[in-house]
Structures are given as C-alpha cells and as structure tokens.
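The values are calculated or read from the model by the stated rules, or taken from the named source; none is laboratory data. Keep in mind the model is a prediction, meaning the values are calculated, not measured. When we count neighbours, we look across all protein chains shown, and the Cβ atoms used for this are built from the backbone with ideal geometry, even at glycine.
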Amino acid sequence: MSALSSDFTGCVIFIYDAQGSELCSTIVTQYDRTALRIEVADTPRELTVGSICKLLILSSPAPCEYEGRVVATGTKKAVAMFRGQVKENRGAARYKVSFPAYIENLICGARACPLYAPLEITCINISQSGIRFKAPVNALLDGDRFQMRMKISGSEKLLIADVVAHIDKDSETSEYGCRFLIGSERVV
C-alpha cells in the first residue's frame, strides 16, 4: 500500500516553509484521500493561501515526506499535497526540530526490555528514514535498538529505531544518529 492511500488522520505532522524553516508541529485532523488534502489542528499564520510548504507526517509504518500548497476550504486552510512526493529512504531530507522525547525500552530480540527510568532525550532533526537526538554521553551504543515515545501537540507517537552512529559532543552529552525500523512497531 502506498503512503498516499494511508489514512493520515491523527498523525503528528511537521510543517516547514519552502526554505525548510519549521513553522509548527501539530496533528492532522482530517485527510481527504481523493483530493489529497489535509487539514491540521493549528495552521500557522505564515501559511497563506497559495504558499508552498513541506510536510513530514509521522505515519505508520514510516514517516512520509511531501510538498504541498496551501488552499482555502471555506473558512479554514488546508494543504493540497502534490502527487509523487513520497521520498525514498536513501538521501531523505533532514528537518530541524526541537522537542523532548524519551526512550522507554531497549529491544532485545523481539522483546522490549523496560529501562529502570525512561531516558530523556532532545530531538535535533528528523527525516523519513531516521532521527538525530541529544542524550547523556554513553547512554546508548552503536547497534542498540530501542523504543522511543514522543508527545507532540497532545498526540503520542511510538517509534522503533536503532543507533547507527554517535558523536560525543562534550563530557556530558552525545548526539545519536538513528534509523527507523520499518514494521517493528509491535514488540512485547
């Protein structure tokens, strides 16, 4: 099933202007699959009718990336998504973000192993294929697989990822580059 035929209603969405500056993170309140149009909970003032924007939708099983044009629908604004904008994982554009999240489980085989206390992280950028975040130094190792929970605009998203690289920024923090594991949302 292609991403355009998925139902994006209730998904977290990041909206960026045409230059890639983040305007907001919110929730998709309505998705019209036929018209390829979405409405969101909070439409940024900067989005005027006719303006082009970039969208990153945290859908399952993987985030989707689109470009769209702001259109008027009665008294509301919506985004008409362009066809053919589903990006391949390789070379996916990165979008700057800044929101807290936490890692609640490490994945051992097909089983979730709860951490004694959730590991608080700060997300730095996100793409269709992965996420980069800041966490305490040596909190994770390359190859570690984990379950991460994000709360954005009142909605929660659970993602499974693994660490592909880390850089120690100072004696207290590291930045971790991680890829999303598609089809791994369910662990016991």
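Determine whether SER98 is within 30 Å of ILE52 (Cα to Cα) and assigned to a strand (DSSP E or B). Considered against the rule, which asks whether it is within 30 Å of ILE52 (Cα to Cα) and assigned to a strand (DSSP E or B), SER98 comes out as yes.
I'd like the residue in the range 116-154 that is polar (S, T, N, Q) and in a strand (DSSP E or B) and, out of all such residues, is nearest to GLU172 (Cα to Cα). Taking the candidates together, the pick is THR122. Scanning the range 97-131 for residues that are free of Cβ contacts under 8 Å to residues at least 12 places away in the same chain and of a type in the set (Phe, Trp, Tyr) yields a single hit, TYR116. Here THR122 meets each of (1) surrounded by 16 or more Cβ atoms within 10 Å (Cβ to Cβ); (2) at pLDDT 90 or above; (3) hydroxyl-bearing (Ser, Thr, Tyr) with one exception, condition (1). Applying the criterion of being in contact (Cβ under 8 Å) with a residue 24 or more places away in the chain and among the acidic types (Asp, Glu) to the residues of the range 132-161, the residue that is surrounded by the fewest Cβ atoms within 10 Å (Cβ to Cβ) is ASP142.
When you check THR43 against the structure, is it farther than 20 Å from LEU159 by Cβ and in contact with a Lys or Arg (Cβ under 6 Å, 6 or more places away or on another chain), yes or no? Before the answer, list the steps.
Numbers: farther than 20 Å from LEU159 by Cβ: yes; in contact with a Lys or Arg (Cβ under 6 Å, 6 or more places away or on another chain): yes.
Yes; evaluated as a whole, the condition is true for this residue.
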